[in-house]
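The values are calculated or read from the model by the stated rules, or taken from the named source; none is laboratory data. Bear in mind the structure is a predicted one, so any value in this text is a computation, not a measurement. Virtual Cβ from ideal backbone geometry, glycine too; neighbours counted across all protein chains shown. When the accessible area is computed, the model is the full protein with side chains, heavy atoms only, and any ligands, DNA or RNA have been set aside. Shrake-Rupley method; radii C 1.70, N 1.55, O 1.52, S 1.80 Å.
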Amino acid sequence: MLSRLRRILAVASFGLVVAFVGGAPQNSVDAATVTRYEEVKDWPKLPPGVQLGEVAGVAVDASGHVMIFHRPGRGFDLKASTLLTEPTVLEIDPDSGKVISSWGANMFLVPHGITVDGQNNVFLTDVSLQQVFKFTHDGKLIFALGEPRVGAWDATHFNEPTDIAIRPDGSFYVSDGYVNSRVALFDRNGKWLQEWGKKGSGEGEFSNPHGLAFVPGSTDVLVADRENSRLQLFDRVGKFKRQWVGVKDAQTTGRVFSVATDADGFLYLGIRRADYDTQHTGVLKLDRNWNILAAIGFGKPGDPVFDAVHDIAVGPDGSIYVAETRTKRVVKLRPVTP
């Protein structure tokens with residue numbers, strides 16, 4: 001009974017309800033009790049001569065290392081024709097913030113999404129190359145899907161693909177994307193199996209499906225439907241189940257850029273109502289019933305100031321990693337236990 005007890009607290013600065021629910025511990029942190037996070041300063045610690053470009057993607061690998069996919073020396077330039085000459089993938093130690101390894105030079109035009117599977121393979125999307133890639137953890141290409149620099153909507157093409165989510169059996173979903181409005185499912189070898197979605201704002205429709213995640217303990221798929229300012233939930237074959245749009249005009253409501261989950265079933269959303277709108281940009285933590293547990297940023301005094309949240313990932317210790325594009329950084333948020 002105690003693990004189910006909810007204590008309701010009013011959070012005046014946001015005018016929203018925060019619910020505390022019971023749950024199993026996540027390593028040394030009980031994720032259900034964590035409603036406050038603090039920024040880890042001076043993280044990551046990059047070596048001299050290495051600077052982050054726009055950070056489009058962040059993920060956590062099987063060892064708990066943080067994988068960053070960035071655009072050194074380039075913005076969201078879809079007309080770019082020359083490959084980025086500096087490494088675009090950085091592997092970072094989560095504790096020290098030091099670079100463990102880097103690769104991806106002379107491979108990409110406009111990096112976007114990154115996801116790591118259970119075997120530590122790295123999946124990437126490039127919105128200008130119009131491709132989805134699978135690499136070994138040290139950067140050896142396993143396969144590439146899509147025709148380079150050709151955008152289209154069919155089983156062998158993408159049009160500015162955004163993110164990837166990989167099932168334990170190796171099959172994976174691609175959110176596609178800025179131009180197309182679908183989620184496509186592929187087998188472990190990259191063969192197209194099925195898809196759903198079209199441009200629109202109805203159930204199962206999208207306006208830039210921008211991020212993907214799974215609901216732990218189920219086969220359901222979460223889609224960050226960015227320009228529709230919502231999160232949609234589907235079963236594994238694309239049947240619509242429910243959506244989250246937040247509270248109308250609340251400070252924490254806006255475009256949903258990204259979604260991540262942890263092992264305990266909590267959801268993390270990257271919200272950016274408008275570029276550089278610091279009062280309406282930040283990270284939300286939702287409980288299993290999609291109630292807001294924590295809100296980080298959004299102009300709250302003492303919180304990190306976010307300008308351009310683009311992607312988020314959650315480490316095994318409950319730390320949240322926030323990738324920002326225009327401000328060219330990754331923010332590490334450490335859970336503060338009660």
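On the basis of the beta-carbon distance and an R0 of 45 Å, Gln243 and Val305 show a calculated FRET efficiency of 0.95. Site pair Arg236 and Leu193 shows an inter-label distance of 0.7 nm when each label is modelled 7 Å from Cα along Cα→Cβ.
Along the axis of the charge dipole computed for the stretch 73-189 (Cβ charges of +1 for Lys and Arg, -1 for Asp and Glu, origin at the Cα centre), the listed residues Thr156, Val89, Ile142 are led at the positive end by Thr156. DSSP finds beta bridges in the chain, and of those with both partners inside it, around 95 percent are antiparallel. In terms of distances greater than 21 angstrom between alpha carbons, the cross-link table entries Lys199/Lys328; Lys285/Lys332; Lys98/Lys332; Lys45/Lys328; Lys199/Lys241; Lys134/Lys191 yield Lys199/Lys328. Please list, or write none, the lysines whose alpha carbon is within less than 17 Å of the alpha carbon of Lys79, excluding same-chain residues fewer than 8 places away. Straight-line reach from Lys79, under 17 Å: no lysines qualify. Taking all protein chains together, Phe298, Phe240 sort by accessible area into Phe240, Phe298, largest first [probe 1.4 Å].
Between Val215 and Ile100, the contour length at 0.36 nm per residue exceeds the alpha carbon distance by 38.4 nm. Charge dipole of the stretch 41-115 (Cα centre as origin; +1 on each Lys and Arg Cβ, -1 on each Asp and Glu Cβ, all else neutral): 200 debye, rounded to the nearest 20. Note on Glu227 and Leu141: the extension gain reaches 27.7 nm, defined as 0.36 nm multiplied by sequence separation minus the Cα-Cα distance.
Look at where the Cα atoms of the stretch 135-204 and of the stretch 259-338 average out, and the two centres are 25 Å apart. Ligands, DNA and RNA excluded, the heavy atoms of Tyr173 present near 0 Å² of accessible surface to a 1.4 Å solvent probe. About the centre of its Cα atoms, the stretch 151-256 shows a dipole size close to 200 debye [charges on the beta carbon of Lys, Arg (+1) and Asp, Glu (-1) only; nearest 20 debye]. In terms of the mean number of neighbouring beta-carbon atoms within 10 Å, the peptides 61-67, 197-203 order highest first as 61-67, 197-203.
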